[in-house]
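Worksheet: one structure, shown below.
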C-alpha cells in the first residue's frame, strides 16, 4: 500500500517521444559530424588519429566518419575542431550499414527505399506489439544498462507495445549488444534459430556493429554482422536509450520522420 | 603511496605470500607476463592494511611452476586464468578447468606481454568438464543467454531439485582478449580500453589505470582535478548501487520500487551526462588529471542533487522497512566473515562480511584524503541484507562526498599535469562500486607492453558459488543481484 502511494507521488515521468520530440534527446553529444566537406591536404594524417579507424580519407582528400566504428572518444573533435563537431540528437540508427558513413553514403536513395520497403513488408504483422529478446555478445556491461533503461518509467516502451521476453520462442526482435565475442557465436546462432519468423535483428552499439575498440582482437569477430542478418544498426558506445528506441521504431516502420510525426 | 617490487623464486613464492597473509596482509591479485618463449614472470600483489599494494615477482618456466593455490586458496581463479592465457601448468592446482578461454592445446595461447598472438582463437567447449553425480541430481544451466537483459555468463546449477549444493561458473563466453588489446597502444589509447574493460565502472577503471601511469610519471595531480575525479567516481558509485537495489526489487517483484529506482538511476546517469557529455563518465579522467571542468555550475549541480535526494531518500527508507522484501534477503546467500577474510573479499560484499578495507580510506588517492570518506565498518552478518545495508549507507556517504568536492572545487588553475612516463611498471588502484580495481601497467618508450587489469568482479565472483548454503533456486536472483558484479570485468 505504501509503495502504491509512492508510485503516484511524482505524477507522469514518461517522455512523449516519439509522438513529440524530447528535449533530452538533443542535450548530449550522440555522434560526430564532418563540418568541412572539402578536400583536406592532410586527410590521411587526420584519419590516422582515430583509435578505431572510424575516420576514412577518400583518395581525393575528402573525409568521412563511419559512425559504425566511432566510439565517441572525441579525439578528432579536440584535435581538429575545424573539421569535426559533436552532433546531438538520438535519431542516429539506420537500416543500412553504409548510411552510417557520413557526410554522404555511397548508397542510392532508390536502393535504400527498396530496403525499407522490404523490411516494412516483413514486419507488417509486428507493428503494434513486438517482443524483444536481448543477447549480450561481448559487451562492456554499459550496453545492458541502456537497454534496461528502456523499461524504466522515463522511457517506458511498454506504452508503445514493446515488451521484453525471456524466451526466444516468443521473440520477434533480437537486440544484440557487444563486440561479437567468439564464445557467443554459437549461442547467438541457436537463439536466432529458436525464434519464430519473421525476425528483426538490431545491432545495438558500436561494438555490435563493428567490434569497436575490440575489432581485430583474437577473441572477437568484428561485430555481429557476420553471424546474424542485421536489419537495423544503432550506433553509440553504448547506444543511448533514445537511440535504441529509435532503432526499434525504425525496424517497425514507426520512427518519426522529418516530414511529420507518425505512430 | 609507493609500491615496492621484490623478487623471489617460483618455488618460494607460495610460502612468501602465505607468510604475508598470516601477517595480516591481503592477497590482491596475480598476473603473468610472457618474458620469452620459455619463461614467464609471475607477479603477485599483496595489500597491506592501511598501506600500499606491493608486488612480488618470480621468474618461472613457461611450461609449469609449483601452484600457489594449495597454500593460498584465493589464487584459485588467478591460476586458472594464467593457464588459459599462457598454457602454463601450475603443478598441484586442485582443479585446473578453463575459466575465461577454453582451448584444446597448451601450445597456442594469447600469452600477454609476449609476441603477437594468432589472429583468432575460438573457444572450444569440448575441453570443459561436465560431471553430475548422485541420485536424482541434475544440472540446470542458467545462461549463457540469460532471462532478462543481462550480461552473458553460464551458471551450471547442480541441484537435487531445490537446494544448490554446487554451482559452476563459466564466464568465458564473453572473453574479448582485453589484456592483449592494450599492448602496443600509447597512453591515451590504453585509457580508452581501460574505460571499456568494465563499462559500468568506467571512472574507477580509468582512475586505476591513470594512477598506475602517474606512478611512472611522478607528477602530482592538480587538486582541482582530484576533486572532479571524486565527483565522478561517487556519482558512478551511486548509479551502480541503485542498479543493485533495482535488481533486488525486481527479484522480489516489487513493481513500483523497480520503477522508482529505475527513475532515480536514470536521473543520476543524466546528471553525469550533463556534467561531462557521457552518461558513463567516459573521457573525464586522463593520465595526469581530468579533461575539463564540470559543464554544470556549482548551483545547478547542487540543486539537481537536492532534487534527486528528496525523491530517493524516502524510497530507500521505505524499502528498508518493507518486510516482505527484507524477509527474502535476511539470511540469504551468507558469506561467513572467516571465509571473506581468507579470500580477501572486496567492496560491499567484503564490507558486509566484516572485511574492513576500502581503498578510498585505507590507501587514499586524489581528493579522498582531504574529504575523509567514512567506511561502513559495523556490519558483519554477511547476508544479502547486509550487502544492501552497506550499499544504502554508501549512497548516503557518496552524496556527502560529492557535495564536499563540489564546494571546494575551484577550476581556475590547470586541471591536468603533463604526464610523460619513465619506462617501467606501475601499479594503480581505485575503489569501484564493486570493490577495489587494480591495474598493473608496463610502459616502454611511451607505449604499453603489458597491462593487467584486475576488477573486483573477478575477485568476488570466485566466492559466488560458495554462498548458497541453505538457499534454494528461488534465492538465486537475490544472491546474484546482491553481489552486484559485472561479467565484462571477469571474462576480460
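Any read-out appearing in this document is the output of simple, stated calculations on the displayed coordinates, not a laboratory observation. Since the structure is predicted, the reported quantities are computational estimates derived from the model, not experimental observations. Heads up, the Cβs are rebuilt from the backbone with ideal geometry, glycines too, and the neighbour counts pull from every protein chain shown.
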Exercise for review: Evaluate Rg over Rh across the protein assembly as shown, taking Cα atoms for both radii and Kirkwood's formula for Rh.
Suggested key: 0.94
Practice item. Provide the packing ranking of A:181-194, A:64-77, i.e. peptides ordered by the mean count of other C-beta atoms within 10 Å per residue, highest first. Key: A:64-77, A:181-194
Exercise for review: Before rounding to the nearest 500, sum -39500 (n - 2.57) across all DSSP H runs of length at least 4 in chain A and divide by the residue total; then give [θ] at 222 nm in deg cm²/dmol.
Suggested key: -7000 deg cm²/dmol
Review point. So in chain B, what percent of DSSP beta bridges are antiparallel if you round to the nearest 5?
Key: 85
Revision key, fill the gap. Honestly the stretch A:1-93 on the Cα gyration tensor test (a ≥ b ≥ c root eigenvalues; a/c under 1.5 rounded, otherwise a/b vs b/c for prolate or oblate) is just prolate
Study note, to complete from the structure: Per 10 angstrom bin, beginning at 0 and ending with the bin that holds the maximum distance, the Cα pairs of the stretch B:192-260 fall in percents of 19, 35, 25, 14, 6, 0
Review point. How are the Cα pair distances of the stretch A:122-239 distributed, in percent, across 5 Å bins from 0?
Key: 2, 13, 22, 24, 20, 12, 5, 1, 0
Exercise for review: Report the dimensions of the stretch A:194-263 along its three principal axes from the alpha-carbon atoms, largest first, rounded to Å.
Suggested key: 45, 29, 17
Exercise for review: May I ask you to sort A:157, B:35 by Cβ crowding, counting other Cβ atoms within 10 Å and putting the fewest first?
Suggested key: B:35, A:157
Practice item. Quickly rank B:299-312, A:81-94 as a protection proxy: mean count of other C-beta atoms within 10 Å, highest first. Key: A:81-94, B:299-312
Exercise for review: Would you mind giving the three semi-axes, in whole Å and largest first, of the ellipsoid equivalent to the stretch B:16-84 according to its Cα gyration tensor?
Suggested key: 22, 13, 10
Check your understanding: Based on the Cα coordinates of the stretch B:92-150, what is the per residue volume of their convex hull in Å³?
Key -> 163
Review point. Can you give the helix-only mean residue ellipticity at 222 nm for chain B, where every DSSP H stretch with n ≥ 4 adds -39500 (n - 2.57) and the sum goes over all residues, rounded to the nearest 500 deg cm²/dmol?
Key: -12500 deg cm²/dmol
Point to revise | Neighbouring partner chain Cβ atoms per residue of B:98-105, average, 10 Å criterion | key: 1
Check your understanding: Seen from all sides and averaged, what is the projected area of the convex hull of the Cα atoms in the stretch B:235-393, in nm²?
Key -> 10.4
Check your understanding: So how tilted is helix A:185-194 from the main axis of chain A? Cα-based, degrees 0 to 90, rounded to 10.
Key -> 40
Practice item. Just order A:34-47, B:394-407 by mean Cβ neighbour count inside 10 Å, highest at the front, would you? Key: B:394-407, A:34-47
Study note, to complete from the structure: Computed on Cα atoms only, the convex hull of chain A has an orientation-averaged projected area in nm² of 15.8
Exercise for review: Starting from one equal scatterer on each C-alpha and no solvent at all, send me the Debye-based log10 I(q)/I(0) for the stretch B:342-427 at q = 0.11, 0.15, 0.25 Å⁻¹, two decimals.
Suggested key: -0.44, -0.71, -1.20
Exercise for review: Would you mind classifying chain B by shape? Square roots of the alpha carbon gyration tensor eigenvalues, ordered a ≥ b ≥ c; an a/c under 1.5 is rounded, otherwise it is prolate if a/b is larger than b/c and oblate if not.
Suggested key: oblate
Practice item. Among DSSP beta bridges lying fully in the protein assembly as shown, give the percent that are antiparallel, nearest 5. Key: 75
Point to revise | Average beta-carbon neighbours from other chains, 10 Å sphere, peptide A:183-193 | key: 4
Revision key, fill the gap. Under the rule rounded for a/c under 1.5, else prolate if a/b exceeds b/c, else oblate, using alpha carbon gyration tensor axes a ≥ b ≥ c, the stretch B:1-120 is classed as prolate
**Study point:** Radius of gyration, Dmax [the stretch B:179-457; alpha carbons; angstrom]
**Key:** 18.8, 59
Exercise for review: Would you tell me the mean number of C-beta atoms belonging to other protein chains that fall within 10 Å of each C-beta in B:262-273, as a whole number?
Suggested key: 4
